[in-house]
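Encoded as structure tokens, the structure appears first; notes follow it.
The values are calculated or read from the model by the stated rules, or taken from the named source; none is laboratory data. The model shown is predicted, which means the values in this text are computed figures rather than measured ones. Glycine also receives a Cβ, built like all others from the backbone with ideal geometry; neighbour counts cover every protein chain displayed. The area values use the complete protein model at the heavy-atom level, side chains included, leaving out ligands, DNA and RNA. Shrake-Rupley method; radii C 1.70, N 1.55, O 1.52, S 1.80 Å.
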Amino acid sequence: MTKPRSASYLGLFLMVLFCASCTNFQRAISTQKLSTPEQPVDNFLILFVEYKDEIIRLDEEYYNKALKGKFNNLEHQRFRDHMADVAWDIYLPVRAFDYRIIFEGHRDYTFNDFQARLDQPNLNYVLLINMKNNDISGDVPIRNFQVYLFDKNQEQPIWTGFGYHTGRHLSIKANARRLLNRIKKDLIAEGIINN
């Protein structure tokens, strides 16, 4: 075998290996469909929190532990705003509600206030994105996200997926877009939303 030919095979092999490594986190590591809506979901409100544990239910107990003071705090406002800015385009024809229209930033809502704010025309679901890990290994952030889709009138989630990742900086809009696109792929694969 000549050197140019072996070099091209090596180049092809490295390119395939690189592309395979890029697609490892295109979807969740694991997902679970817990119930099936009567029709595909055509709307949801995207909320983002940072909470280390599972969010088993969307009830007053878990609201107070995992969401209260976190879904509209200042700490992750830029990332949430980036998601709100790009979600409508990513999920179209599914309507992605902008949390900024429904909730004020850095305001404390009781569970009853939270539920009352969800009582919007044509809003039936909540897509809750939870950053479970936000650790640093050396200078590389390690972030794992678990996502839950709730019917706003039911405590148990319809669907959940774990193992989404983002790039180095949450403040970059492309990372918000990448995360939402990965979630969309799983929701379509599970038959929860239409493409």
Query raised in the report: If each of Asn153 and Val140 carries a label point 7 Å out from its Cα toward its Cβ, how far apart are those two points in nm?
Result: 4.7 nm
**Report entry** Helix 173-189 axis, angle to the chain major axis (alpha carbon atoms, nearest 10°)
**Finding:** 80 degrees
Query raised in the report: How large is the accessible surface per residue of region 132-178, computed with a 1.4 Å probe and reported in Å² as a whole number?
Result: 46 Å²
Report task. Can you spot the lysines whose alpha carbon is less than 25 Å from Lys152's alpha carbon? Ignore those fewer than 8 places along the same chain. Result -> Lys33, Lys52, Lys65, Lys68, Lys70, Lys132, Lys184, Lys185
Query raised in the report: Here are several values of mean projected area of the Cα convex hull in nm²: [x] 12.8; [y] 13.5; [z] 18.5. Which one was derived from the coordinates shown?
Result: [y]
Query raised in the report: When the chain is fully extended, how far beyond the present Cα-Cα distance does Ile172 get from Gln120, taking 0.36 nm per residue of separation?
Result: 15.7 nm
Query raised in the report: Restricting to the chain, what percent of DSSP beta bridges are antiparallel, rounded to 5?
Result: 70 percent
Query - Share of carbon and sulfur in the accessible heavy-atom surface of the chain [1.4 Å probe, %] - result: 51 percent
**Report entry** Using alpha-carbon coordinates, inclination of helix 3-22 to the longest axis of the chain, degrees
**Finding:** 10 degrees
Requested in this report: Report the calculated FRET efficiency for Lys65 and Asp89 (r = Cβ-Cβ distance, R0 = 22 Å), to the nearest 0.05.
Outcome: 0.10
Query raised in the report: So what are region 40-120's ellipsoid semi-axes, whole angstrom, largest first, if each one is the square root of 5 times an eigenvalue of the alpha-carbon gyration tensor?
Result: 21, 15, 13
